[in-house]
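The values are calculated or read from the model by the stated rules, or taken from the named source; none is laboratory data. All of these numbers come straight from a predicted model, not from anything done at the bench. When we count neighbours, we look across all protein chains shown, and the Cβ atoms used for this are built from the backbone with ideal geometry, even at glycine.
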Amino acid sequence: MKNTGDHTTFNVDSIRKDFPILNREVNGKPLIYFDNAATSQTPQQVIDVIVDYYSNYNANIHRGVHTLSQEATDLYEDARLKIQRHINAKHSYETILTSGTTHGINLVANGFTTLLKKGDEVIVSALEHHSNIVPWQMLCERTGATLKVIPMNAKGELILNDYDALLSENTKLVFVNHISNALGTINPIAQMIEKAHQVGAAVLIDGAQSCPHIKPDVQALDVDFYVASAHKMCGPTGVGLLYGKEAWLEKLPPYQGGGEMIDQVTFEETTYAGLPHKFEAGTPNICGGIAFGAAVDYMNAIGFDAISAYEHELLDYATEQLTHIEGLKIYGTAEEKTSVISFNIDGIHPYDIGTILDKLGIAVRTGHHCAQPIMDFFKIPGTVRASFAFYNTKAEIDTLVEGVKKAKMMLS
Ligand SMILES: *Cc1c(COP(=O)(O)O)cnc(C)c1O
C-alpha cells in the first residue's frame, strides 16, 4: 500500500493480472466474483506451483529413498514451515495439515471423546458455521456433556456479558469463529480466549474466514486450537491447517488410523508416530499442501495490512451504495466487521436476486450460508451474500448495485 497524501492506493489492477479466471466471461458479461467467503480465486503463482509439482516432483512422501520422493517430501515439509511461520506457531510439529477446516474441527472433537464426561459443558456461539456446531453436538451425544450457546444481538455481535455468565468450572471447551461467514462479524477472540482460560477451558478458533484477511498469531492469542482452509485464502481445495498447542496434541488420541501415523505395528499392538504424523494418516494432499505454502507466500507478499485496509474500503463503499436502495436490509451491522454483506430486499426471495445477478455475470451466494441458526435468529430463510476480496474493485461494486436495482425492478 502506497500512501499518496490524503488517501491510500492499492494496486488492484496489477493484482488482478495474477488471477486468470478474472478474464473470463459468464453469460456474455465479464465475471464479477463476489463469492469469496465460499472460496477464493487462485493466482497464477499458485497454479504454477501445482503444475510444476505434477510436472516435476510427483511422488509419495516420507517413505521413499529415491530422489523424487525426497524432493517431494522437502517441498511438503517446507510448506509446513511456511504455514508455521505464517501463524507464528512455536514448533512446526504443532502445525497439522488437514483436508480443511471441517476435518480439523472433527479431529479435535473426536479427540475430546475420552476427555469429557456427563456434567461437563462446552460453549459454542450463535454465529457459527454448521462445521463448528455439528461435530460438537456429536461429541456431546457421545459423552453426555452439555452444549451452551453464546447469544448475539440484532447487529450480529456476540453478547459478551452472556458469555461471562456461561463460563464456569464445568466449562471444558469453547469454540468460536474469528469471523462469521454469514455476517462478517469479527469476534473479540483474544478477550474470549483469556476468559475461557480463567476457568480452565480450552479454546478452538475457527479461522476459516479470518485467515484470508488477518494474519493470525497463535502464540500471542494463546489459543489452544486454530483451524483454517487453504481454499479461502488463494490456495487449493482439500487442504487446511490445524494448529494445536503441543501439550494438547500429545494428549489427544489419533483421529484416523493408517499409514504414516504409526511407529510400530504388530497384530498385538501398534504404537503411534510422534507429532505431526500421528494426526496425518494416509497419503496426504501433497500437492495441495505445497500449493497452500505458495498461497501463504503470495498473500504475505501483498501484505495482510494492505489487504484488510483495501477490503475495508470496498466494504464501506458497498455498504453505502447498497443502503441507498429502498427496501434493502443488511443483516450483520457489527462495529467490527469484514468485507461480507448479507442482505435481502423486501418481499423478494434471495434466490431470485442471485439468479438475476448471475445473468449479469455476478457471482454471489444465496441461502443460509451453512449457518441456519443465524437465519432463524433473523427469521429469514436466507440472504444474498456478496463477499469481497482484495482483487475486487469499486467499479465491480457499482455493477452489483445496478444489478440489484434491476433485480428489484424485475421482481417487485
Ligand atoms: C468455510 C467455512 C468452514 C468450512 O470450511 P471447509 O473448507 O468447507 O472445511 C467452517 N467455518 C467457517 C466460518 C467457514 O467459513
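Consider I150 against the criteria (1) surrounded by fewer than 21 Cβ atoms within 10 Å (Cβ to Cβ); (2) in contact with a Leu (Cβ under 8 Å, 6 or more places away or on another chain): it satisfies all of them except one. Which criterion is unmet? I150 satisfies all of (1) surrounded by fewer than 21 Cβ atoms within 10 Å (Cβ to Cβ); (2) in contact with a Leu (Cβ under 8 Å, 6 or more places away or on another chain) except (1). Among residues that are surrounded by 15 or more Cβ atoms within 10 Å (Cβ to Cβ), modelled with pLDDT of 95 or more and within 15 Å of the ligand (Cβ to nearest atom), H86 is not included. Against the list (1) closer than 29 Å to E311 by Cβ; (2) out of contact with any Ser or Thr (no Cβ under 6 Å at 6 or more places or on another chain), the condition V12 fails is (2). Identify, please: which residue in segment 102-132 is without any contact (Cβ under 8 Å) to a residue 60 or more places away in the chain and assigned to a strand (DSSP E or B) and is, among those, farthest from the ligand (Cβ to nearest atom)? Selected residue: E121.
Among residues that are of a type in the set (S, T, N, Q) and either in contact with a helix residue (DSSP H, G or I) (Cβ under 9 Å, 6 or more places away or on another chain) or part of a strand (DSSP E or B) (or both), S210 is included. Checking each residue in segment 158-185 for being surrounded by fewer than 20 Cβ atoms within 10 Å (Cβ to Cβ) and either within 16 Å of the ligand (Cβ to nearest atom) or not hydroxyl-bearing (S, T, Y) (or both) picks out I159, L160, N161, D162, D164, A165, L166, E169, N170.
Return yes or no: is G367 surrounded by fewer than 18 Cβ atoms within 10 Å (Cβ to Cβ), more than 19 Å from N177 (Cα to Cα) and of a type outside the set (S, T, N, Q)? When the stated conditions are applied, G367 passes them. Where strands (runs of 3 or more DSSP E) fall entirely within segment 227-343, those with at least 3 residues that are assigned by TED's automatic domain parsing to the domain that holds D206 and more than 17 Å from the chain's Cα centre (by Cα) are at 262-265, 270-272.
Within segment 145-153, none of the residues are closer than 30 Å to T333 by Cβ, in a loop (DSSP other than H, G, I, E, B) and within 16 Å of the ligand (Cβ to nearest atom).
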